[in-house]
Every structure is written in C-alpha cells, then in structure tokens.
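Participant: Structure provided below as structure tokens; questions to follow.
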Amino acid sequence: IFFSIFSSVANMSSGWCTVESDPGVFSELLSSVGVKGVYCEEIWSLEDRESIEALKPIYGLVFLFKYKTGEKPVDRSCQAPHVYFAKQVINNACGTQALINILLNATDQVDVGDQLKGFLEFTQALDPESRGEAIGSFDAIRECHNSFARHQNFSFEEQVATADDDVFHFIGYVPKDGMVYELDGLQRGPIEVGKYSNDWIPVANVAIQERIATYSQGEIRFNLLALCANPVESLKQQLAEMQAAGNADTEYAAQLRCKVEDLEERRRKWSMENARRRHNYIPFIYHLLKLLAEKDKLKPLVEQAVIKTKADKEKKAAKDKEDK
C-alpha cells in the first residue's frame, strides 16, 4: 500500500527542505528544471499489468520507505561506470536526487533540458560523492526543490534523527543495458538488481517487495512513483491527424479527446494543490488561535490535544516494541 508522506534523512548538510512524495510535486519539479515530456504517476501495484502497460514507456521508479535509523547501510554497490550515480551528501535531497539519478541515465530517451544536460557534462568525470556535492551547489535544482518549503515564523536548529524518529528515504530504480539497477544515494554506487530481456518492471518489483517484506505487516508507509512519458502531446498530434483525414467524429477520436481532457484536468488539479502547498497559512492560523482564545475555547482544545498526543505516543511505543 502506498500513500503520500514526507521524506527526511539525517546526518547530512542542511539547506534543503523536506518534499512530499506526490506525483504533482515531482512532476512540477521535473518541468521546473527544464525536463520535457515526462511526468510522474503514482503506482499502487506493479503487479497490475494492464495499468503498467498503459503508462509505458516508464523511465524509472522512485520508491519511498521508512529508513531504519538504528541500522547502518550494508554496502551492496557494484562497479558500473556506465551508470550515472551521485551519492547523497545533502540532507532532505534524496527525492530530487533520485529523480536526477534516473533522468541522467535516460538521456537517450528523454529531453532533460539544457540545465541538466550542462550538469551532466560538468559532473560526468566526477566521482559519486563529488557529483552529490555538485547537486547541493546547483542553484536551479535547489531553488525548484525549496519552492515547496513550508512557511514558518521561527527558525529551529537542525537536529539529528534518533532511532525513535520516523524518517524516510527515496531511492530509484532504472533499466540500463539489460540490467536493472537500484540507485540509493546512501550507497557508494549503483546496486545490481537483476537482468531483464523485454520488461524490466517485474525485476524491480521483486526488489521492492523484498524490501517491504523486511518490515512488520502493520507498516504501510511506502510510496512508489513512476517517471513516464507524457502522452498529451502525442494524443493531440494523433487527433490532429485524424481531423485532417476526416475521422474526427469517430468513437475512437472521442475516446482520445476524453483522455486528453482527463490528463489536462489532473494537471490543473496538481497546479492548484501545489499553489496551496506554497501558500503561507501562518497569518490565518494566528488569527484563528487568537479568536479561539478570546472565546475561551483554546485551552480545552489544547488539553484535548495533549491527551491525544500522549495516547498516540504510547500507541507508537507499543507498535515499535512489537516490531522489535
């Protein structure tokens, strides 16, 4: 089961905000940095073959999972110089970094835009750690990423996550020359997942399911996004050709128009949701709390919240104890 949550990985440098694992957010990140003809689609199951076929071509997968802070990563990397890989050295950048690692391994299929082309040329000869540092210094990428930062009135010192904290991590999966690779920025290099002939998705699915199986049955905080070719332009081109051939009134043409309308409506909804994510709600919240206090309704609500928070912590502690 997959759903949208926030990512956060500790023990690295600051300067990047947490980013929600959401197809609208990641699709806007792609377009903002100049990538053309690619969008992100949320995947509920890689075993739904009909749905997966409808999304192809799929250039890569971005998988989000709860990071086990009490465990040190086991180095499973391999020597694969033909695979572009940047190591993560920037805190909270793992989502955007997963996108970059995937895209820069698909430049033969995707128009990544001038900025990422220039970045690839600049970092191609660098080692993975230096590439990760270069991402941190890439203003265009950081500005796009941080455009989703939450507004806050106070600045807090960054704290290192403990074993009791819930932190999450993004990794990528890509096909390259007959092999599926896992791209985990916390590793020293790419990880070989398995060979494929025609379809690489089932190979990646095995690795993802194996990772999920290491968690308790009650753990459902996973999210999977696919980087896909945006079909809108090709559908519009197909409709234009049918119009020119005098076939615009056929049932198939009507189906294509409905599909285009559905896709464009989804983009409009994503745009609205992203505008809400960026909106500063702090003044509204401040005045709401002020009004509640004036009507003597704030204190009872705070007391209820304290009781609920305590109950939630006890429930989480019991679950963590069960998982161990």
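Participant: Could you tell me the convex hull volume per residue, in Å³, taken over the Cα atoms of the chain?
Facilitator: Numbers: hull volume 57.4 nm³, N = 324.
Hull volume normalised by residue count: 177 Å³.
Participant: Now for a different question. What is the distance in Å between the Cα centres of region 62-124 and region 219-257?
Facilitator: That distance is 29 Å.
Participant: Could you tally the net charge around Lys36, taking each other residue with its Cβ under 13 Å from the Cβ of Lys36, Lys/Arg +1 and Asp/Glu -1? Working shown, then result.
Facilitator: Working: positive: Lys117; negative: Asp111, Asp114, Glu233.
Spelling it out: positives minus negatives among the neighbours equals -2.
Participant: Throw me the Rg/Rh for region 24-158, computed over C-alpha atoms with Kirkwood Rh, two decimals.
Facilitator: On the way: Rg = 16.3 Å, Rh = 16.7 Å.
The Rg/Rh ratio comes out at 0.97.
Participant: Continuing with the same structure: Stick to the Cα atoms of region 194-268, pair each with every other, and give me the Kirkwood hydrodynamic radius in Å at one decimal. Please report the intermediate quantities before stating the final value.
Facilitator: Numbers: mean 1/r = 0.0621 Å⁻¹.
Computed over Cα pairs of region 194-268, the Kirkwood hydrodynamic radius comes out at 16.1 Å.
Participant: Leaving out ligands and nucleic acids, note down the accessible area per residue over the chain with a 1.4 angstrom probe, in whole Å². Don't jump to the answer; show the numbers that get you there.
Facilitator: Details: 18480 Å² over 324 residues.
With the other protein chains kept in place, the chain gives 57 Å² per residue.
Participant: A further question follows. Beyond 29 Å between alpha-carbons counts as too far, so tell me which of Lys56/Lys319; Lys68/Lys299; Lys66/Lys310; Lys68/Lys310 fall in that bin. Walk me through the numbers on the way to the answer.
Facilitator: Numbers: Lys56/Lys319 39 Å; Lys68/Lys299 37 Å; Lys66/Lys310 22 Å; Lys68/Lys310 23 Å.
Checking Cα-Cα distances, Lys56/Lys319; Lys68/Lys299 exceed 29 Å.
Participant: Ratio of Rg to Rh for region 171-324, alpha carbon only, Kirkwood?
Facilitator: Values: Rg = 25.4 Å, Rh = 22.0 Å.
Rounded to two decimals, Rg over Rh is 1.15.
Participant: Find how many whole Å separate the alpha carbon centroid of region 279-307 from the alpha carbon centroid of region 179-194.
Facilitator: What the calculation gives is 47 Å, centre to centre.
Participant: How far apart, in nanometres, would the label points at Asp296 and Leu186 be if each is projected 7 angstrom from Cα along the Cα-to-Cβ direction?
Facilitator: For the pair Asp296/Leu186, the computed spacing is 5.1 nm.
Participant: Can you give the extra length, in nm with one decimal, that the chain gains between Glu53 and Arg278 once fully stretched, where that is 0.36 nm per residue apart less the Cα-Cα distance? Present the calculation step by step, with values, prior to reporting the outcome.
Facilitator: Numbers: separation 225, 0.36 × 225 = 81.00 nm, distance 3.39 nm.
Full-extension gain reported as 77.6 nm.
Participant: Specify which residue in the list Cys40, Leu292, Thr309 is farthest towards the positive end of the charge dipole of the chain, using unit charges on the beta carbon of Lys, Arg (+1) and Asp, Glu (-1), about the Cα centre.
Facilitator: Final value for the positive-end residue is Leu292.
Participant: Related question: Would you mind putting 32-41, 172-181 in packing order, based on average other-beta-carbon counts within 10 Å, highest first? List each step's numbers first, then the result.
Facilitator: Values: 32-41: 19.4, 172-181: 21.0.
For the peptides 32-41, 172-181, the packing ranking is 172-181, 32-41.
Participant: Now, a different point. Once the piece of chain linking Asp127 and Glu143 is laid out straight, how much longer is it, given 0.36 nm per residue of separation minus the C-alpha distance between them? It would help to have the intermediate numbers written out before the result.
Facilitator: On the way: separation 16, 0.36 × 16 = 5.76 nm, distance 2.41 nm.
This chain segment gains 3.4 nm when fully extended.
Participant: Still on this structure, I have one more. In nanometres, what is the gap between the two model label sites at Arg150 and Glu314, each 7 Å from Cα along Cα-to-Cβ?
Facilitator: 2.6 nm
Participant: Another one. Please work out how much length the chain gains when fully extended from His82 to Leu289, using 0.36 nm per residue of separation minus the C-alpha to C-alpha distance, in nm with one decimal. Please list the in-between numbers first.
Facilitator: Numbers: separation 207, 0.36 × 207 = 74.52 nm, distance 5.62 nm.
Result for the pair: 68.9 nm of gain on full extension.
Participant: In a Gaussian network model over the chain where Cα atoms closer than 10 Å are linked, find which of Gly60, Gly194, Gly185 has the largest mean-square fluctuation.
Facilitator: In the Gaussian network model the winner is Gly194.
Participant: Based on the Cβ-Cβ distance from Val232 to Ser197, what FRET efficiency comes out when R0 is 41 Å, to the nearest 0.05?
Facilitator: Numbers: r = 30 Å, r/R0 = 0.74.
The formula returns an efficiency of 0.85 here.
Participant: Would you work out the charge dipole size for the chain about its Cα centre, treating the Cβ of every Lys and Arg as +1 and the Cβ of every Asp and Glu as -1, and quote it to the nearest 20 debye? Before the final figure, lay out the partial values.
Facilitator: Working: 39 positive and 49 negative charges, 213 e Å.
I would put it at about 1020 debye.
Participant: Mind checking which of Phe170, Phe148, Phe119 has the largest fluctuation in a GNM of the chain, springs on alpha carbons under 10 Å?
Facilitator: For the chain, modelled as a Gaussian network with Cα springs under 10 Å, the answer is Phe119.
Participant: Given region 9-91, report the % of alpha carbon pairs whose separation exceeds 16 Å.
Facilitator: Values: 2405 of 3403 pairs.
In whole percent, the share of Cα-Cα pairs in region 9-91 beyond 16 Å is 71.
Participant: Name the aspartates and glutamates eligible as straight-distance cross-link partners of Lys117: C-alpha to C-alpha under 12 Å, and not fewer than 8 places from it in the same chain.
Facilitator: Cα-Cα hits under 12 Å: Asp108.
Participant: Please report, as a whole percent, how much of the solvent-accessible surface of the chain comes from carbon and sulfur atoms (probe radius 1.4 Å). Numbers along the way, then the final one.
Facilitator: On the way: 9710 of 18480 Å².
It is 53 percent, rounded to a whole number.
The values are calculated or read from the model by the stated rules, or taken from the named source; none is laboratory data. Note that the structure is predicted; figures quoted are calculated from it, not measured. Note that each Cβ is placed from the backbone with ideal geometry, even for glycine, and that neighbours are counted across all protein chains shown. Please note that ligands, DNA and RNA were not included when accessible areas were found on the heavy atoms of the full protein model with its side chains. Shrake-Rupley method; radii C 1.70, N 1.55, O 1.52, S 1.80 Å.
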